[in-house]
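To keep things clear, I will list the structure first and then write my remarks on it.
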Amino acid sequence: MNSGELLERSLAYAWGSVAEVGDGPLERRTPCAAWDLEHLLGHLDDSLDALYEGLTGGRIGLLPHTDRACGFRTRAGAVLGAWSAGPPERVLVGERPLDVRVMAVVGAVEIAVHGWDVAQACGRPRPIPVALAAELLPLARCLVADEDRGVRFAAPVAVPDRARPDARLLAFLGRRDSFPG
């Protein structure tokens, strides 16, 4: 598994979803029950900032930035450029070291799934590419623990055994109505 490639593919997918936001109201509901579209886009910005900080400075601050002047496309491009420039081996999150490949995988899951959330909020269903979801699903299963449920993630949603990887990924992360026909 190439964590940089997964991050790149997740960013490309989310980029397409964010491009659909347009000029509509940002108070639209999202699959993340506690967030409207504006909060979700802010969370995506925070995620990109953290990835960029880790890749360029080897350290991720524990408090998010408040600068929203830069668009998703610019932030995503900066993250990809920083990865291409050669990331450090380890990143400090607070005072705890984290392998940069793990950071990239966490970012890939986060960005792809929230890209799906953005598309849903815009009323333009846009499935996560099946091959990408198939690679992200086992990683998400390693990253999300039972104690994360109810805090950062909703309870998993049951899906049929024959469900595609994108539906299984979304259901594992607590998304409803996420089962393509």
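All of the numbers you see were taken from the coordinates with simple rules; none came from a lab. Because the structure is a prediction, the values reported are computed rather than measured. Glycine gets a Cβ as well: all are built from the backbone with ideal geometry, and neighbour counts include every protein chain shown.
Among the listed values (i) 66, 47, 16; (ii) 43, 37, 28; (iii) 72, 42, 20, the one matching Cα extents along the principal axes in Å as calculated from this structure is (ii). Peptide packing: for 150-163, 129-142, 105-118, the average count of neighbouring Cβ atoms within 10 Å per residue gives the ranking 105-118, 129-142, 150-163, highest mean first.
Between residue 153 and any residue 5 or more places off or on another chain, the built amide H atoms are never under 5 Å apart.
When only Cα pairs under 8 Å and 6 or more residues apart are kept, what is the percent relative contact order across the chain?
On the way: 239 pairs, mean separation 46.5, N = 181.
Once normalised by length, the contact order is 26 percent.
The amide H of residue 174, built 1.01 Å from its N in the peptide plane, has 157 as neighbours under 5 Å, considering only residues 5 or more places off or on other chains.
Taken about its Cα centre, the chain carries a charge dipole of about 420 debye when Lys and Arg each add +1 at the Cβ and Asp and Glu each add -1 at the Cβ.
Ellipticity at 222 nm from helices only: DSSP H runs of n ≥ 4 in the chain, each -39500 (n - 2.57), divided by the residue count, give -17000 deg cm²/dmol. Evaluating 6.51 cos²θ - 1.76 cosθ + 1.60 at θ = phi - 60° for every residue in the stretch 151-163, the Karplus couplings come out as 10, 9, 9, 6, 5, x, 9, 5, 9, x, 4, 8, 4 Hz, glycine and proline recorded as x.
Working from Cα pairs under 8 Å separated by at least six residues, relative contact order for the stretch 13-60 is 18 percent.
In order along the stretch 121-135, the Karplus-derived 3J(HN,Hα) couplings, from 6.51 cos²θ - 1.76 cosθ + 1.60 at θ = phi - 60°, round to 5, 8, x, 10, x, 9, x, 5, x, 4, 5, 5, 4, 4, 7 Hz, and Gly and Pro are given as x.
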